Amino acid sequence: MDKVTQVRLQSMMQMSDKVRANDLLKLLEHFKDKIKVLSLDCFDTLIWRKTALPKDVFFDLQQRHFFQSMGFNASLRIGAEGRSRQLSALKDKGGEVKLKDIYADGFHELTQEQINDLVKEELLAEKNACFAFPPVIELMKAARKAGIKVIIVSDTYFEEYQLKEMLSFFLPKDALEIIDKIFCSCEVGRSKTSGIFSDVIQYTRCSPEQILHIGDNPVADYLMPKAFKINAFHFIHQDDCINDLIRLQDTAAKIIDPSINSVKPLYSPFRCVFSLQSFSKTNPEKFIGYASLGPIMYSFAHFLCNEITKLKEKNKNPKVLFLMWDAYLPSMACETYLGSEIGKRVRISRFASYAASFMTPDDIDSYLIEIGATNRFHDVARQLLLPEKVYDPIIRVAERSKNPASEFMKLIRRKDIVKIILA
């Protein structure tokens, strides 16, 4: 959908026709006495991907052994799907295809066994990339408690048994058992935009007014069910400012690492977290803190806690110190992540930290190169922790020479002076 169409569609929709993750249970509460069926979109509603875009899964797929052994890559997989859908439309099948058709139509030389193996490989890649969205699971459980049936309606090339297999991998058993029926466009032969909701109405034996559908696509999940007089709500993932932020992060990531979207996927694991908050550019401290620094701090805390756990598993006793002031925010992030104190916040002056760093003659040389030519002989000598009775004669000799700085450094590097410093 192009930008102009999207803007026009958004202007047609009422604010009351949109729902955020935190309002899903309130929406069900409003409709629970009016509906008999809750219909949910699958991908990007019940199931989310850790990647920025659905096609990013194929860049993970192309790293898998069997996929590579066949000489396939992400680009070939994407092209095969386009060809298969064109053939389906040419044969008056509405452009709907199954996953096995994509490989069969795109690569005619494949045997049935090879096609089956490629399908299994792709299912594994999807399992690795996807996760169930907790607010929608809670919505399903609330619907079951209210005596409302739950169905899934998905525009997908996955067949029902494949989607069930994936859902069983992500969903808790009690949530999986709630699902009464899964409608897959590739099996029905119609997508949401070409009439699958008529099959939904026929299967449920309910009037359209007794069905509530929720999904993230403004056309497929809002306008289409509305056309059948089904109650429909557009599930909004993020505010516009977050969408802009994610887009800019994606652009920056590809500049830093050009292999993204050619060799490997672009991950965006925090999109679902952002959907749980409302953001505005008029509140920049929350916007920057939560959406920009938040993922960085969380990732650092996750990494640090994992490293500490690994050390403890090796029967080591790590002592965790956060050096103020720079480490104050990371220390708070780690405490929030763990829910308890992880280490101590400590302070050390620059003078003390420099003094503690002189462990070898090379350390002294490095310091002298950096600061010795400033002619601040008293300060340098004190930083090297030399006693006054030792450095006074050195400074007097240096100051009487033609090149004081050079003479000072030469005298400091005498073996007897270096021995005092290191001691």
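Filtering Ser340, Ser357, Ser406, Ser349 for residues that are more than 52 Å from the chain's Cα centre (by Cα) and either farther than 30 Å from Pro295 by Cβ or open to solvent by 50 Å² or more (accessible area, probe 1.4 Å) (or both) leaves a single hit, Ser406. For the range 159-180, the condition of being within 27 Å of the chain's Cα centre (by Cα), under 22 Å from Val219 (Cα atoms), open to solvent by less than 10 Å² (accessible area, probe 1.4 Å) and not hydroxyl-bearing (Ser, Thr, Tyr) holds for none of the residues.
Exactly one residue among Gly82, Gly71, Gly94 is at pLDDT below 90 and closer than 18 Å to Ser185 by Cβ, and that residue is Gly94. Met332 meets the conditions (1) closer than 30 Å to Asn306 by Cα; (2) crowded, with 16+ Cβ neighbours inside 10 Å in every case but one. The failed one is (2). Residues that are in contact with a strand residue (DSSP E or B) (Cβ under 9 Å, 6 or more places away or on another chain), charged (D, E, K, R) and part of a helix (DSSP H, G or I) were ranked within the range 245-284; the one that is most open to solvent (accessible area, probe 1.4 Å) is Lys254. So in the range 376-423, with the set limited to residues that are among the hydroxyl-bearing types (Ser, Thr, Tyr) and part of a helix (DSSP H, G or I), which one is modelled with the highest pLDDT? Checking each candidate, the answer is Tyr391.
Close Cβ contacts (under 6 Å, 6 or more residues apart or on different chains) running from residues in the range 355-378 that are closer than 15 Å to Arg414 by Cα to residues that are loosely packed, with under 14 Cβ neighbours inside 10 Å comprise Asp363/Ser357. Residues of the range 118-158 that are farther than 20 Å from Glu29 by Cβ, crowded, with 17+ Cβ neighbours inside 10 Å and in contact with a strand residue (DSSP E or B) (Cβ under 9 Å, 6 or more places away or on another chain): Glu126, Ala129, Cys130, Ala132, Ile152, Val153, Ser154, Asp155, Thr156, Tyr157, Phe158. If you go through the range 185-212 and keep only what is out of contact with any helix residue (DSSP H, G or I) (no Cβ under 7 Å at 6 or more places or on another chain) and part of a helix (DSSP H, G or I), you end up with Cys186, Ser194, Ser198, Val200, Gln202, Tyr203, Thr204, Glu209, Gln210. Can you pull out every residue in the range 285-303 that is among the aromatic types (Phe, Trp, Tyr) and open to solvent by 40 Å² or more (accessible area, probe 1.4 Å)? Within the range 285-303, Tyr290, Tyr298, Phe300, Phe303 qualify. Return yes when Leu323 is touching a Pro at 6+ places or on another chain (Cβ under 9 Å) and either open to solvent by 60 Å² or more (accessible area, probe 1.4 Å) or of a type in the set (Gly, Ala, Ser) (or both) and no when it is not. So Leu323 does not fit the description; no. Scanning the range 67-110 for residues that are closer than 16 Å to Phe158 by Cβ, open to solvent by 20 Å² or more (accessible area, probe 1.4 Å) and touching a residue at least 40 places away in the same chain (Cβ under 8 Å) yields a total of 4.
Give me a count of the residues in the range 159-179 that are in contact (Cβ under 8 Å) with a residue 60 or more places away in the chain and outside any helix (DSSP H, G or I). Before you say what the answer is, go through the steps one by one.
Filtering the range 159-179 for residues in contact (Cβ under 8 Å) with a residue 60 or more places away in the chain gives 159, 162-163, 166-167, 170.
Checking the rest, the ones that are also outside any helix (DSSP H, G or I) come to 159.
Of the residues in the range 159-179, 1 are in contact (Cβ under 8 Å) with a residue 60 or more places away in the chain and outside any helix (DSSP H, G or I).
Residue-level check: of (1) open to solvent by 30 Å² or more (accessible area, probe 1.4 Å); (2) outside any helix (DSSP H, G or I), Gln238 misses just (1).
Might you check whether a residue that is assigned to a strand (DSSP E or B), modelled with pLDDT of 90 or more and within 30 Å of Ser191 (Cβ to Cβ) occurs anywhere in the range 221-231? Walk me through how you get there before you give the answer.
Narrowing the range 221-231 to residues assigned to a strand (DSSP E or B): 231.
Next cut, modelled with pLDDT of 90 or more only: 231.
Now narrow it down to the ones that are within 30 Å of Ser191 (Cβ to Cβ): 231.
Checked against the condition, which is being assigned to a strand (DSSP E or B), modelled with pLDDT of 90 or more and within 30 Å of Ser191 (Cβ to Cβ), the range 221-231 yields at least one hit.
The values are calculated or read from the model by the stated rules, or taken from the named source; none is laboratory data. Predicted model, so just to flag it, every value in this text is computed and none were measured. Positions of Cβ are generated from backbone atoms using ideal geometry, with glycine treated the same way; all protein chains shown enter the neighbour counts. What goes into the accessible areas is simple: the full protein's heavy atoms, side chains included, and nothing from ligands, DNA or RNA. Shrake-Rupley method; radii C 1.70, N 1.55, O 1.52, S 1.80 Å.
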